[in-house]
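> Would you mind keeping the following structure in view while I ask a few things?
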Amino acid sequence: MMRRQVLVTGVSSGLGRAIAAELDEAGFDVWGTVRTEADAAALRRDGDRIRPVLLELTDPESVERAAGRLRSSGPLYAVINNAGAAVPTPLEHADPAMITELLATNVVGPLRLTQELLPALRQARHSYGDARVIFVGSLITAVPLPLFGPYALTKHALVGLTDSLRAELAPERIRVSLIEPGVFATRIWLRAHDQVLRLPRHRSDDRYRALLDAAPTVALLAHRYGADPAAMAAAVARALTRSAPPARQFVPGHARLVAAATRLLPTRVLDAGAAALGTDRGAAGLRALARRLLRLRRARGARQAARDRAREAARA
Ligand SMILES: NC(=O)c1ccc[n+]([C@@H]2O[C@H](COP(=O)([O-])OP(=O)(O)OC[C@H]3O[C@@H](n4cnc5c(N)ncnc54)[C@H](OP(=O)(O)O)[C@@H]3O)[C@@H](O)[C@H]2O)c1
């Protein structure tokens, strides 16, 4: 049987890379978007079967070119709108031009791409009985988080977008899902870490100092202790292979738990937690947590090494 074609955006790293590899493994013919020739060459060099397509989501012509390339390759069973970015900053200091660009990356570009790919998705619907569209959102739609306002507004937009698109395309059996990841260990957190360090820290009011002091630690913790992207890849693969994909799903377990808890807790409790991050005490608490997690990880590593040595000695 012919492998069904699917497109994953943002496969240069992180979740997109893991999703593309998992779908290839699951028997799909995977196209993956990257932004540079160097990343396209790296994909080819890695011996992956993933076929690179150049795509810059903020550039309408680039979106049109990438979609045209896909349309000329026959039926497309699924598009996974994974590529995305985050720019942490207090909303008070957020440059509107930056917000427009972030919306283009996380919302308008992915919508434009999906619009352009609908003819190829409709072809797949005729060949296979249905077709799929997945948007990658974020757990941030369930949790109020200071500094992540620009990112949160784009991911909240995806909730509305997917709700309407799901209803509009359901009669054609083009099924739309929103998968909202919790904290995964990817480069997005290292980028956030560096971006926070580059923010002007001492404006005249100095109002956000504690928050800006805590943010790099939070980003490093997320990068170090985030979930394995394989869990996200598995969820996407399930959403493509199940007869009834989820309309909206938080992934992995910790995200489902947090989302459920935030539905039960009163907003003022959540707000108090979020606001505490912006205090000196909150920042100190986070640093203490980071040190504790680090010690736990080192102790676990040392115990494992001791067990390995004992096993080696027993074998010798
Ligand atoms: N990791 C998490 O904890 C987490 C949590 C919630 C949601 N998410 C979402 O998961 C998705 C994947 O993120 P990730 O964690 O895997 O981050 P990542 O490692 O930084 O990957 C992001 C991908 O998107 C691409 N990209 C960024 N801006 C783009 C643009 N304007 N046009 C085209 N491609 C662009 C990047 O390409 P370059 O390499 O060229 O920059 C990269 O391939 C994002 O939508 C993110 O919001 C992640």
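> Could you report region 77-201's accessible area per residue, 1.4 Å probe, as an integer in Å²?
38 Å²
> Run the helix sum for the chain: -39,500 (n - 2.57) per DSSP H stretch of 4+ residues, divided by residue count, reported at 222 nm to the nearest 500 deg cm²/dmol.
It comes out at -19000 deg cm²/dmol, rounded to the nearest 500.
> Dipole magnitude of region 128-182 about its Cα centre, charges +1 at Lys/Arg Cβ and -1 at Asp/Glu Cβ only, in debye to the nearest 20?
80 debye
> What's the carbon and sulfur percent of region 124-267's accessible surface, probe 1.4 angstrom, rounded to a whole number?
57 percent
> Please give the net charge around THR186, taking every other residue with its beta carbon less than 13 angstrom from that of THR186, where Lys and Arg add +1 and Asp and Glu add -1.
Taking every other residue near THR186 into account, the sum is +3.
> Using a 1.4 angstrom probe, figure out how much accessible area region 250-292 has per residue, in square angstrom, rounded to the nearest whole.
That works out to 65 Å² for each residue.
> Could you check the simple spin-label distance between VAL269 and GLN115, using points 7 Å along Cα→Cβ, in nm with one decimal?
Taking the simple label geometry, VAL269 and GLN115 are separated by 4.3 nm.
> By per-residue mean of other Cβ atoms within 10 Å, what is the highest-first order of 284-293, 307-316, 107-116?
Listed from highest to lowest mean packing, they are 107-116, 284-293, 307-316.
> Still on this model: What does the charge add up to near ASP29, with Lys and Arg as +1, Asp and Glu as -1, over the other residues with Cβ less than 11 Å from its Cβ?
+3
> Cα-based Rg (one decimal) and Dmax (whole number) for the chain, in Å?
Rg and Dmax of the chain, Cα atoms, are 21.3, 67 Å.
> Quick check: Cα centre of region 8-55 to Cα centre of region 108-122, how many Å?
For region 8-55 versus region 108-122, the Cα centre distance is 19 Å.
> In region 1-84, if the dipole is taken from +1 on Lys/Arg beta carbons and -1 on Asp/Glu beta carbons about the Cα centre, which of VAL79, ALA42, GLY27 is farthest to the positive end?
With unit charges placed on the Cβ atoms, the residue in question is GLY27.
> For region 254-296, with the dipole built from +1 on Lys and Arg beta-carbon atoms and -1 on Asp and Glu ones, taken about the Cα centre, which of ALA284, LEU294, LEU257 lies farthest toward the positive end?
Sorting the options by dipole projection puts first LEU294.
> Give me the net charge of ILE99's neighbourhood, meaning all other residues with Cβ under 15 Å from the Cβ of ILE99; Lys, Arg count +1, Asp, Glu -1.
-2
> Shifting gears a bit: What relative contact order, as a whole-number percentage, does region 1-155 give when Cα pairs under 8 Å and 6 or more residues apart are counted?
24 percent
> So, one more: Quick one, what does Rg over Rh come out to for region 149-221 if you take C-alpha atoms and the Kirkwood Rh?
Rg/Rh for region 149-221 comes to 1.18.
The values are calculated or read from the model by the stated rules, or taken from the named source; none is laboratory data. Predicted model only: the values in this text are computed from it and were never measured. Using ideal geometry, Cβ is built from the backbone for each residue, glycine included, and neighbour counts are taken over all protein chains shown. Accessible surface is based on the protein model in full, side chains and every heavy atom, while ligands, DNA and RNA are left aside. Shrake-Rupley method; radii C 1.70, N 1.55, O 1.52, S 1.80 Å.
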